[in-house]
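The numbers here are math on the coordinates, done by the rules we state, and not lab data. These figures come from a predicted structure and were not determined experimentally. Methodologically, a virtual Cβ is constructed for each residue, glycine included, from the backbone with ideal geometry; neighbour enumeration extends over all protein chains shown.
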Amino acid sequence: MNKPVNRSGTEDPEQGRQEQGRQGPDDPESDNGPAPQRLSKILSAHGVTSRREAEVMIRSGRVSVGGKQASIGQSARPGVDEIAVDGIPLAAKSELLYIMLNKPRGYVTTVSDERGRSTVMDLVTGAGTRLFPVGRLDYDSEGLILLTNDGRFAFAVAHPSFNVKKTYEIRARGDIRGAAERLRCPMEIDGKTVRAVSVRLMKRTAAGGLLQVTISEGRNRQVRKMCALCGLSVLSLKRISIGSLELGSLKPGQWRFLTESERKALCRF
């Protein structure tokens, strides 16, 4: 298993405020414990997965409360009730962590896969806490992907409205020069008008060549769909940067923690 190169995390002030608040005699939770919350919300807050995927995990019988299989819509008291996923008790809410991974081809960018395929989570088991991926890279794509247990950070980096630029290297077959020109123009994908922020023709060969394409929307399989509309057959696709964060010399399958300055550069809050 690959070891992290660097580590940075931030404290969770919310947990401290909760603990301090429970000491007061007028706190309604001081006698009866924390109020119940929906299991999907608890799992999401602990960085296990998104709320939507948590519902899938509950429905498939992977979540239990007090040793009994949980059901959809069920609530529990975090820190009081014993909540487990795949038989593993849910740990206390941990510090916020931010990881960059060089995803190889052949891994699904999700917490779990119903078809039993390898996921990016298999590559970061040494992180010490439950994480979830920020955005996606499809099964046949490779390169830079972020993982975290910070929902605000994930939303700010992945949502198209924040316009975080992502750059890809694309090796393709077809009229590479003509495609490079067309990629710079607006085009419609899945009912949305998209366009590349920048396109660079890095290398031209008899059969195709190498392109570097930067986008800011980050919609599902956007780069592959844009290339297809321009008559290109994508042979390989690698994400090499997200915002100011570059993949650099990180080898496929390796990961490291972001520094605090890298985190702040990606998400300013």
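Which of rounded, prolate or oblate describes the stretch 90-213 when judged by the alpha-carbon gyration tensor and an a/c cut-off of 1.5? Prolate. Shown in residue order for the stretch 192-200 are the 3J(HN,Hα) couplings computed by the Karplus curve 6.51 cos²θ - 1.76 cosθ + 1.60 at θ = phi - 60°: 10, 7, 10, 7, 6, 5, 8, 9, 10 Hz (x for Gly and Pro). With the simple spin-label model, which puts each label point 7 Å out from Cα in the Cβ direction, the Glu114 to Leu235 separation comes to 3.6 nm.
Working from label points 7 Å from Cα in the Cα-to-Cβ sense, the Ala206 to Arg105 distance is 2.2 nm. Find which of Ile176, Cys227, Ile240 sits farthest along the positive direction of the dipole of the stretch 165-242, computed with +1 on the beta-carbon of Lys and Arg, -1 on that of Asp and Glu, about the Cα centre. Selected residue: Ile240.
In terms of its C-alpha gyration tensor, the stretch 34-89 comes out rounded, because the ratio a/c of the largest to the smallest axis stays below 1.5.
For the residue pairs Lys166/Lys225; Lys41/Lys165; Lys165/Lys225; Lys103/Lys238; Lys225/Lys251; Lys41/Lys192, the C-alpha atoms sit more than 21 angstrom apart in Lys41/Lys165; Lys225/Lys251; Lys41/Lys192. Rounded to the nearest whole Hz, the Karplus-based 3J(HN,Hα) values (6.51 cos²θ - 1.76 cosθ + 1.60, θ = phi - 60°) of the stretch 214-221 follow the sequence 10, 10, 10, 6, x, 7, 4, 6, with x at glycine and proline.
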